[in-house]
Amino acid sequence: MIDYLTTYGLTDRIRNTVPVTDQTQLARVIGEQKELYQVMTAAGPRSAEITGKFRFNTVSRADFPAVGDWVVCRLTANGPVLIERVVPRFSQFTRKMAGLTTDAQVVAANVDTVFIVMALNHDFNLRRLERYVTVAYDSGANPVVVLTKADLTDHVQEQIAQVEESAVGLPVHAVSAITNLGQGEILPYFQEGQTVVLLGSSGAGKSTLANWLLGETVQVTNDTRAGDDHGKHTTTSREILRLPNGGLLMDTPGMRELQLWDTTDTGAIAQSFQDIETLAAQCRFRNCTHEREPGCAVQAAIADGTLDPQRLVSYRKLQRENAFLAKQTAQRAKVLTHRANKRRYAE
């Protein structure tokens, strides 16, 4: 008999986190589209929905199940599986919801590795990459940069070197599904039961990469637009796919907007800009703003060409954005706490 839960990443750590009863069991969310869920149970895949009590007790969008989540659920004879609670996540890729709403959206949960996918054509954008790296560090998973469409550039090594300066210390792999370049470098990340999520902008080549790794056409792909090399957004839902070697691949829709969630507690910005943080520690003044102060090691590095000035601009921009968001989330937290207390007293 197939042990579906183990093949989809169940470990003793997860199993022991939340005890189940005779009426409930663990399952993993393997697909989601507009709050309609697909879960993997011990007996195989089932459709699922959250219970009314679950919905009543939610105070934030991040409380809802996300693809990759382990959930406690009840099976029904004929209808969908009923999700009663979400097991605490050991990692989650979170961003601020698009628009003016101050709320978190969990894009992927319980992943071991984040593939930050960027194409080596017009999708190549180091400043956007720095943003993805920051959010990936905040997730608690291991970030890896995967550069797709290597067959479309004559400057692969030069672009890899640029990426290594913007994603300090991270593994960087250049691949091409057309020429089969680099597949052997990234397959080792997909060990049995290990989950890897693909994240990147629309047209970065995530669906093509997924099909290449799976060995078959599972995800629909579109050709790039004539004249500008930009791809069209093809993946419209999140789902977990199982590779022939037993690894798990989570594809996600391309992101046209990636706003930080509050990364203050994790120090994700400091991790993403380790080079600037190291230089800042060498400045003459501890409160150096890295502008015109004498003895500024950051400005000295810019002057001698060892630090890209645009990287400092990006660093400051993300710091400002994160500080503003931290204030917004603190205010929202008070509202949510008040709302949760009202519900608790009403029960």
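Could you tell me which numbered condition Gln328 fails, if it satisfies all but one of (1) polar (S, T, N, Q); (2) at pLDDT 95 or above; (3) assigned to a helix (DSSP H, G or I)?
Against the list (1) polar (S, T, N, Q); (2) at pLDDT 95 or above; (3) assigned to a helix (DSSP H, G or I), Gln328 comes up short only on (2).
Can you tell me how many residues within the range 141-163 are under 17 Å from the mean Cα position of the chain (by Cα), open to solvent by 70 Å² or more (accessible area, probe 1.4 Å) and closer than 22 Å to Leu307 by Cα? Before the answer, list the steps.
Of the residues in the range 141-163, the ones under 17 Å from the mean Cα position of the chain (by Cα) are 141-147.
From what is left, the residues that are open to solvent by 70 Å² or more (accessible area, probe 1.4 Å) are 142.
Adding the requirement that they be closer than 22 Å to Leu307 by Cα leaves none.
Going through the range 141-163 one residue at a time, the tally reaches 0.
Pro45 is checked against (1) open to solvent by 70 Å² or more (accessible area, probe 1.4 Å); (2) in a helix (DSSP H, G or I); (3) touching a Phe, Trp or Tyr at 6+ places or on another chain (Cβ under 9 Å) and fails just one. What number does that condition carry?
The single condition Pro45 does not satisfy is (2).
Could you go through the range 99-116 and let me know if any residue there is free of Cβ contacts under 8 Å to residues at least 40 places away in the same chain, surrounded by fewer than 16 Cβ atoms within 10 Å (Cβ to Cβ) and either touching a helix residue (DSSP H, G or I) at 6+ places or on another chain (Cβ under 9 Å) or not in a loop (DSSP other than H, G, I, E, B) (or both). Even if it seems obvious, please write down each step before you answer.
Of all residues in the range 99-116, those free of Cβ contacts under 8 Å to residues at least 40 places away in the same chain come to 99-101.
Next, from what is left, pick out any that are surrounded by fewer than 16 Cβ atoms within 10 Å (Cβ to Cβ): 99-101.
Still in the list and also either touching a helix residue (DSSP H, G or I) at 6+ places or on another chain (Cβ under 9 Å) or not in a loop (DSSP other than H, G, I, E, B) (or both): 101.
Yes, some residue in the range 99-116 is free of Cβ contacts under 8 Å to residues at least 40 places away in the same chain, surrounded by fewer than 16 Cβ atoms within 10 Å (Cβ to Cβ) and either touching a helix residue (DSSP H, G or I) at 6+ places or on another chain (Cβ under 9 Å) or not in a loop (DSSP other than H, G, I, E, B) (or both).
Considering only residues that are of a type in the set (A, V, I, L, M) and touching a Leu at 6+ places or on another chain (Cβ under 9 Å), look in the range 24-39 and name the one that is surrounded by the most Cβ atoms within 10 Å (Cβ to Cβ).
Top of the filtered list is Ala27.
So that you can scan it fast, the table gives a plain yes or no per residue for (1) over 30 Å from Tyr137 (Cβ atoms); (2) in contact with a Leu (Cβ under 9 Å, 6 or more places away or on another chain):
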position: Thr41; (1), (2): yes, yes
position: Phe56; (1), (2): yes, no
position: Ser60; (1), (2): no, yes
position: Trp70; (1), (2): no, yes
position: Ile83; (1), (2): no, no
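Hey, among Thr17, Thr21, which residue is closer than 22 Å to Ala104 by Cβ and surrounded by fewer than 17 Cβ atoms within 10 Å (Cβ to Cβ)?
Values: Thr21 fails: closer than 22 Å to Ala104 by Cβ.
Only one candidate qualifies: Thr17.
Quick one: is Tyr37 of a type in the set (Ser, Thr, Tyr) and in contact with a Ser or Thr (Cβ under 8 Å, 6 or more places away or on another chain)?
Taking the combined requirement at face value, the residue satisfies it.
State which residue is farthest from the chain's Cα centre (by Cα) when the search covers only the range 117-135 and only residues that are open to solvent by less than 30 Å² (accessible area, probe 1.4 Å) and of a type outside the set (Val, Ile, Thr).
Per the stated criteria, the residue is Asn121.
Conditions first: (1) part of a helix (DSSP H, G or I); (2) crowded, with 21+ Cβ neighbours inside 10 Å; (3) modelled with pLDDT of 90 or more. Asp138 passes all but one, so which condition is the exception?
All conditions are met except number (3).
If Ala62 satisfies every condition in (1) modelled with pLDDT of 95 or more; (2) crowded, with 17+ Cβ neighbours inside 10 Å; (3) of a type in the set (Gly, Ala, Ser) but one, which is the exception?
(1)
The values are calculated or read from the model by the stated rules, or taken from the named source; none is laboratory data. Only a predicted model underlies this, so the values are computations on that prediction, with no experimental measurement involved. A quick note on method: Cβ atoms are made from the backbone with ideal geometry, for glycine too, and the neighbour counts reach across all protein chains shown. In case anyone asks, the SASA skips ligands and DNA or RNA and just uses the protein heavy atoms, side chains included. Shrake-Rupley method; radii C 1.70, N 1.55, O 1.52, S 1.80 Å.
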